[in-house]
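Everything below concerns the one structure shown next.
The values are calculated or read from the model by the stated rules, or taken from the named source; none is laboratory data. Everything numeric here is computed off the predicted structure, so don't read it as measured data. Don't worry about glycine lacking a Cβ; one is built from the backbone with ideal geometry, like all the others, and counts go over all protein chains shown. These area figures cover heavy atoms from the full protein model, side chains too; ligands, DNA and RNA do not enter into them. Shrake-Rupley method; radii C 1.70, N 1.55, O 1.52, S 1.80 Å.
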Amino acid sequence: MSNIQSVLSENRVFPVNPEFTKQANIKSEQEYQQMVADASNNYSGYWANLARQYIDWKAPFSKSLNDSNPPFYTWFEDGKLNVSYNCLDRHVANNPHKTAIIFESDAGHIETVTYKELLTKVSRFANGLKSLGIVKGDRVIIYMPNSIEAIVAMQACARIGAIHSVVFGGFSAKAIHERIHDAQAKLVITSDAQKRGGKIFPLNQDVKEALSLPGCESVEKVVIHRRTGEKVEWDNKRDIWWHDVIKNQSDECEPEWVEAEHPLFILYTSGSTGTPKGVQHASGGYLLGAITTMKWVFDIKDDDIYWSTADVGWITGHTYLCYGPLAVGATQIVFEGIPTFPAADRFWRMIETHKVTIFYTAPTAIRALIKLGGDLPNNFDLSSLRLLGSVGEPINPEAWMWYYETIGKSKCPIVDTWWQTETGSHILAPIPGITALTPGSCTRSIPGIFVDIVDEAGNLVTDNNGGYLVIKKPFPSQIRTIWNNPERFIKAYYPEDIANGKYYVAGDSASRDTMGYYHILGRIDDVLNVSGHRLGTMEIESALVAHPGVAEAAVVGRPHDIKGESIVAFVVCKGQLPTGSEKDFLINELREWVAKEIGALAKPDEIRFGENLPKTRSGKIMRRLLRSLAKGEAITQDISTLENPHILDQLK
Ligand code: 6R9
């Protein structure tokens with residue numbers, strides 16, 4: 001709450017830096033307003049013009065938006081393109097020796113590849129995939145660290161029309177298994193291990209474990225990249241080394257020209273119910289969202305050194321690492337490690353070393369780095385920076401101010417970008433050359449995207465209490481469906497009980513201030529945001545209940561200074577209420593259990609035991625009450641409907 005209050009009472013405004021405006025891709029408010037007017041007057045034509053301008057099409061499209069079967073919208077459907085061609089070949093034709101990626105490993109080793117070299121790597125690997133029998137439409141799981149190879153693997157899938165699904169390296173074998181099964185993947189691409197913060201994480205071992213569980217019969221081969229040299233438990237029938245896959249392959253691979261709606265990838269994300277949802281993105285519309293926002297929000301230029309610290313396992317690592325920067329022909333940093341290794345000055349050192357001009361990271365990293373050494377950045381030359389970005393969760397005004405002053409020296413605009421796995425690209429974000437900034441606000445919508453705040457009935461909400469954040473018109477980069485589950489797609493994003501299912505409902509609440517700027521207040525569903533990672537409370541509860549000693553569990557979020565939210569679990573055990581050393585043992589065991597079921601990122605920070613959970617007489621768990629208990633607040637809610645008030649004392 002304190003975070004929300006401070007955001008809402010924020011009234012500092014930082015005008016645009018005129019030096020920035022002079023060189024910006026969008027230079028004036030009139031230009032922005034003209035774009036909004038163009039989109040209002042001819043919505044479909046507005047996006048069609050951009051798609052023709054920014055994407056190289058093999059076969060031109062004649063139709064822009066097709067909204068004949070809502071909410072299954074399509075864009076540019078009779079056009080043909082290849083995303084990898086747009087990311088590589090067209091730049092190689094103009095500027096083959098431009099650096100595409102500067103890779104810095106966890107240990108500080110640097111490797112650089114040009115566009116031409118990257119195209120060669122992608123083509124060889126794409127040919128290798130074909131030799132393994134992978135064809136257009138096949139699903140490929142990628143479980144790799146941030147690396148040139150992870151990008152090569154994703155781009156190679158795009159090149160041959162295979163649909164990748166990247167699984168974040170922090171997820172467990174169980175989580176990989178779930179995704180393989182849901183996507184019916186034919187191939188898994190992984191590394192022997194991953195090095196982060198000096199520690200080794202055996203990725204291939206997780207894949208092995210996942211494949212040993214029933215339901216992975218679809219997987220024919222596992223390609224293993226040798227990253228660390230860790231010993232690999234080899235499976236003769238299934239495993240093949242990356243270096244053997246590319247051996248003797250041609251440097252050229254004709255792209256598979258796919259329809260604009262051909263799925264580019266599936267990325268699993270948490271929702272309020274059930275298992276993670278396979279968010280499906282289309283090739284053409286997604287690419288357009290990535291390119292336009294690279295230009296408008298990141299103001300990308302030919303000579304920029306762009307750095308997004310995101311991991312390829314998340315949507316930011318897809319749009320603003322693998323696809324967006326390459327689609328616009330930029331030079332970017334790809335970093336394998338973590339911000340605090342070998343010391344908490346790693347980011348600042350890297351900005352100095354590589355003369356980074358655009359830096360994009362998450363509030364949780366900023367908060368952690370302030371805590372570990374708020375004046376460390378002063379030891380480095382950060383003068384190359386010209387633009388800063390933030391993503392993943394609301395940035396509290398204090399962290400914003402530090403980022404603005406200490407990192408940006410009060411001259412770099414901060415683009416606080418609100419978007420989601422499902423939106424594919426930025427939705428709310430400042431346009432840096434024209435938008436005055438307010439700490440903690442992601443300001444206005446991208447020109448051509450129509451956002452609003454409404455109540456259940458679909459009426460506009462204008463007060464500070466906020467309402468449902470919705471996107472009123474379909475847009476090119478949006479989710480097409482949930483893989484294999486169109487009913488769930490409709491229910492999750494176009495629910496009948498909010499504005500009659502007319503609008504895309506984001507799952508966040510927001511309010512607008514007197515400048516018309518948006519302030520995100522947080523999720524309205526049972527989704528937690530822990531260090532910028534989306535986790536469903538239900539997912540963690542199911543994991544806990546799967547433990548043989550647990551009868552029932554409820555999970556809530558509690559505000560946390562650095563992580564944004566921390567995870568508090570209330571657990572009812574089978575049998576006696578655990579006490580003393582038995583209790584400590586069980587807490588430890590349950591935390592490890594959740595790490596195994598989902599991944600270390602989902603480990604509860606605190607576990608409390610009770611003989612029961614607070615429930616209404618109809619048996620519903622009173623989550624609001626649990627949230628108050630987790631925060632240590634006095635219970636002021638009406639507990640008259642509570643069936644078992646005495647257990648509140650146990651759970652305190
Ligand atoms: C890109 C990404 C999406 C959820 C979203 C919201 C939160 C993301 C934010 C933000 C406030 C921002 N979120 N960016 N909240 N300000 N700038 O993070 O995608 O992992 O799908 O999470 O993250 O709650 O609904 P994803």
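In region 569-592, how many are crowded, with 16+ Cβ neighbours inside 10 Å and either small (Gly, Ala, Ser) or closer than 15 Å to Glu552 by Cβ (or both)? Show your work before the answer.
Just the residues of region 569-592 that are crowded, with 16+ Cβ neighbours inside 10 Å, to begin with: 569-573, 578, 586-587, 590-591.
Add one more test, that the residue is either small (Gly, Ala, Ser) or closer than 15 Å to Glu552 by Cβ (or both), and what stays is 569-573, 578, 586, 590.
The number of residues fulfilling the criteria is 8.
Any chance region 245-254 includes a residue that's out of contact with any helix residue (DSSP H, G or I) (no Cβ under 8 Å at 6 or more places or on another chain) and among the polar types (S, T, N, Q)?
yes
Taking the conditions exactly as written (open to solvent by 10 Å² or more (accessible area, probe 1.4 Å) and either farther than 29 Å from Val555 by Cα or touching a helix residue (DSSP H, G or I) at 6+ places or on another chain (Cβ under 6 Å) (or both)), does Val232 satisfy them or not?
Answer is yes for this residue.
Need at least 2 residues that are open to solvent by less than 10 Å² (accessible area, probe 1.4 Å) and within 16 Å of the ligand (Cβ to nearest atom) per element, so show me which strands (runs of 3 or more DSSP E) inside region 254-365 make the cut, counting only ones lying wholly within it.
Values: elements: 263-269, 277-282, 305-308, 331-335, 358-361.
Filter on region 254-365 gives 263-269, 277-282, 358-361.
Please verify whether region 115-126 includes one or more residues that are of a type outside the set (A, V, I, L, M), in contact with an Asp or Glu (Cβ under 6 Å, 6 or more places away or on another chain) and within 30 Å of Pro495 (Cβ to Cβ).
No, that holds for no residue.
Taking region 259-283, which residues are touching a Leu at 6+ places or on another chain (Cβ under 7 Å) and either more than 19 Å from Gly324 (Cα to Cα) or hydroxyl-bearing (Ser, Thr, Tyr) (or both)? Give the steps one after another, and end with the answer.
Narrowing region 259-283 to residues touching a Leu at 6+ places or on another chain (Cβ under 7 Å): 260, 270, 279, 281-283.
Within region 259-283, Ser270, Ser283 meet the criteria.
Looking at (1) in contact with a helix residue (DSSP H, G or I) (Cβ under 6 Å, 6 or more places away or on another chain); (2) within 15 Å of the ligand (Cβ to nearest atom); (3) polar (S, T, N, Q), can you tell me which one Thr406 breaks?
Here Thr406 clears every test but (2).
When the residues of region 409-439 are filtered to those that are of a type outside the set (A, V, I, L, M, F, W, C) and either without any contact (Cβ under 8 Å) to a residue 12 or more places away in the chain or more than 15 Å from the ligand (Cβ to nearest atom) (or both), which remaining residue is surrounded by the most Cβ atoms within 10 Å (Cβ to Cβ)?
First pass over region 409-439, keeping only residues of a type outside the set (A, V, I, L, M, F, W, C): 409-411, 413, 416-417, 420-426, 430, 432-433, 435, 438-439.
Those left that are additionally either without any contact (Cβ under 8 Å) to a residue 12 or more places away in the chain or more than 15 Å from the ligand (Cβ to nearest atom) (or both): 409-411, 433.
Values: Lys409: 12, Ser410: 10, Lys411: 12, Gly433: 25.
In this case the residue turns out to be Gly433.
Out of all the residues in region 465-509, which are of a type in the set (A, V, I, L, M, F, W, C) and open to solvent by less than 20 Å² (accessible area, probe 1.4 Å)?
First, the residues of region 465-509 that are of a type in the set (A, V, I, L, M, F, W, C): 469-471, 475, 479, 482-483, 489-490, 492, 498-499, 505-506.
Scanning region 465-509 gives Leu469, Val470, Ile471, Phe475, Ile479, Ile482, Phe489, Ile498, Ala499, Val505, Ala506.
If only one of Leu81, Leu88, Leu119 is without any contact (Cβ under 8 Å) to a residue 40 or more places away in the chain and crowded, with 21+ Cβ neighbours inside 10 Å, which one is it? Before you say what the answer is, go through the steps one by one.
On the way: Leu81 fails: without any contact (Cβ under 8 Å) to a residue 40 or more places away in the chain; Leu88 fails: without any contact (Cβ under 8 Å) to a residue 40 or more places away in the chain.
Within the list Leu81, Leu88, Leu119, the selection yields Leu119.
Scanning region 510-520 for residues that are hydrophobic (A, V, I, L, M, F, W, C) and buried (at least 21 other Cβ atoms within 10 Å of the Cβ), which turns out farthest from the ligand (Cβ to nearest atom)?
Going residue by residue through region 510-520, those that are hydrophobic (A, V, I, L, M, F, W, C) are 510, 515, 520.
Among the residues that remain, those that are also buried (at least 21 other Cβ atoms within 10 Å of the Cβ) are: 510, 520.
On the way: Ala510: 9, Ile520: 4 Å.
In this case the residue turns out to be Ala510.
Results for (1) charged (D, E, K, R); (2) free of Cβ contacts under 8 Å to residues at least 24 places away in the same chain, shown as yes or no for each residue.
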site	(1), (2)
Trp593	no, no
Gly599	no, no
Glu611	yes, no
Arg617	yes, no
Ile621	no, no
Leu626	no, no
Ala630	no, no
Glu633	yes, yes
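Exactly one condition in (1) crowded, with 20+ Cβ neighbours inside 10 Å; (2) free of Cβ contacts under 8 Å to residues at least 40 places away in the same chain; (3) within 30 Å of Arg346 (Cα to Cα); (4) touching a helix residue (DSSP H, G or I) at 6+ places or on another chain (Cβ under 9 Å) is not met by Arg226; state its number.
The number of the failed condition is (1).
Among the listed residues Gly137, Gly79, Gly128, identify the single one that is in contact with a His (Cβ under 9 Å, 6 or more places away or on another chain) and modelled with pLDDT of 95 or more.
Details: Gly79 fails: in contact with a His (Cβ under 9 Å, 6 or more places away or on another chain); Gly128 fails: in contact with a His (Cβ under 9 Å, 6 or more places away or on another chain).
Only one candidate passes the filter, namely Gly137.
Filter region 229-271 for residues that are among the charged types (D, E, K, R) and within 15 Å of Ala126 (Cα to Cα) and give the result. Can you show your working first?
Our first condition is that a residue be among the charged types (D, E, K, R); within region 229-271, this holds for 230-231, 233, 235, 237-239, 244, 247, 251-252, 254, 256, 259, 261.
Across region 229-271, the qualifying residues are Asp244, Lys247, Asp251, Glu252, Glu254, Glu256.
Show me the strands (runs of 3 or more DSSP E) entirely contained within region 451-539 in which 2 or more residues are in contact with a Lys or Arg (Cβ under 7 Å, 6 or more places away or on another chain).
Filter on region 451-539 gives 451-454, 504-512, 527-530.
If only one of Glu252, Glu256 is closer than 28 Å to Trp483 by Cα, touching a residue at least 40 places away in the same chain (Cβ under 8 Å) and over 25 Å from the mean Cα position of the chain (by Cα), which one is it?
Working: Glu252 fails: closer than 28 Å to Trp483 by Cα.
Being closer than 28 Å to Trp483 by Cα, touching a residue at least 40 places away in the same chain (Cβ under 8 Å) and over 25 Å from the mean Cα position of the chain (by Cα) holds for just one of Glu252, Glu256, which is Glu256.
Within 12 Å of the ligand (Cβ to nearest atom), closer than 29 Å to Leu535 by Cα, touching a residue at least 12 places away in the same chain (Cβ under 8 Å) and of a type in the set (A, V, I, L, M): does that describe Ile449? First the steps, then the outcome.
Numbers: within 12 Å of the ligand (Cβ to nearest atom): no; closer than 29 Å to Leu535 by Cα: yes; touching a residue at least 12 places away in the same chain (Cβ under 8 Å): yes; of a type in the set (A, V, I, L, M): yes.
It is false that Ile449 is within 12 Å of the ligand (Cβ to nearest atom), closer than 29 Å to Leu535 by Cα, touching a residue at least 12 places away in the same chain (Cβ under 8 Å) and of a type in the set (A, V, I, L, M).
Can you tell me which residue in region 370-403 is farthest from the ligand (Cβ to nearest atom), limited to those that are outside any loop (DSSP other than H, G, I, E, B) and open to solvent by 30 Å² or more (accessible area, probe 1.4 Å)?
Step one: filter region 370-403 for residues outside any loop (DSSP other than H, G, I, E, B), giving 370-373, 376-379, 387-391, 397-403.
Going one step further and asking which of them are open to solvent by 30 Å² or more (accessible area, probe 1.4 Å), we end up with 370-372, 376, 378-379, 398, 402.
Values: Ile370: 18, Lys371: 20, Leu372: 23, Leu376: 24, Asn378: 26, Asn379: 29, Glu398: 15, Trp402: 17 Å.
Going through the qualifying residues, I end up with Asn379.
Condition (residue is within 34 Å of the chain's Cα centre (by Cα), in a loop (DSSP other than H, G, I, E, B) and hydrophobic (A, V, I, L, M, F, W, C)) applied to region 626-642: is it met by at least one residue?
First pass over region 626-642, keeping only residues within 34 Å of the chain's Cα centre (by Cα): 626-633.
Now narrow it down to the ones that are in a loop (DSSP other than H, G, I, E, B): 632-633.
This time we only want the ones that are hydrophobic (A, V, I, L, M, F, W, C), so: none.
No; the residues of region 626-642 include none that is within 34 Å of the chain's Cα centre (by Cα), in a loop (DSSP other than H, G, I, E, B) and hydrophobic (A, V, I, L, M, F, W, C).
Is there any pair linking a residue in region 506-518 that is at positive phi to one that is assigned to a strand (DSSP E or B) and within 14 Å of the ligand (Cβ to nearest atom), with Cβ under 7 Å and at least six apart or on different chains, and which?
Gly507/Arg523; Gly507/Val527
So, in region 160-216, exactly how many residues are of a type outside the set (A, V, I, L, M), over 19 Å from the mean Cα position of the chain (by Cα), open to solvent by less than 30 Å² (accessible area, probe 1.4 Å) and farther than 19 Å from Arg139 by Cα?
3
Would you please list the contacts, defined by Cβ atoms under 9 Å and residues six or more apart or on different chains, that run from a residue in region 383-395 that is over 19 Å from His519 (Cβ atoms) and free of Cβ contacts under 8 Å to residues at least 12 places away in the same chain to a residue that is more than 7 Å from the ligand (Cβ to nearest atom) and not in a loop (DSSP other than H, G, I, E, B)?
none
So in region 24-76, with the set limited to residues that are of a type in the set (Phe, Trp, Tyr), over 27 Å from Arg488 (Cα atoms) and open to solvent by less than 30 Å² (accessible area, probe 1.4 Å), which one is farthest from the chain's Cα centre (by Cα)? Even if it seems obvious, please write down each step before you answer.
Of the residues in region 24-76, the ones of a type in the set (Phe, Trp, Tyr) are 32, 43, 46-47, 54, 57, 61, 72-73, 75-76.
Still in the list and also over 27 Å from Arg488 (Cα atoms): 32, 43, 46-47, 54, 57, 61.
Subset that is open to solvent by less than 30 Å² (accessible area, probe 1.4 Å): 32, 43, 46-47, 61.
Values: Tyr32: 27, Tyr43: 27, Tyr46: 27, Trp47: 24, Phe61: 30 Å.
The qualifying residue farthest from the chain's Cα centre (by Cα) is Phe61.
Would you please name the residue that is least open to solvent (accessible area, probe 1.4 Å), looking only at residues in region 621-646 that are touching a Leu at 6+ places or on another chain (Cβ under 8 Å) and farther than 21 Å from Thr537 by Cα? Don't jump to the end; show me each part of the working.
First, the residues of region 621-646 that are touching a Leu at 6+ places or on another chain (Cβ under 8 Å): 621-622, 625-626, 629, 635, 637, 639, 642.
Checking the rest, the ones that are also farther than 21 Å from Thr537 by Cα come to 635, 637, 639, 642.
Values: Ile635: 54, Gln637: 41, Ile639: 60, Leu642: 4 Å².
Going through the qualifying residues, I end up with Leu642.
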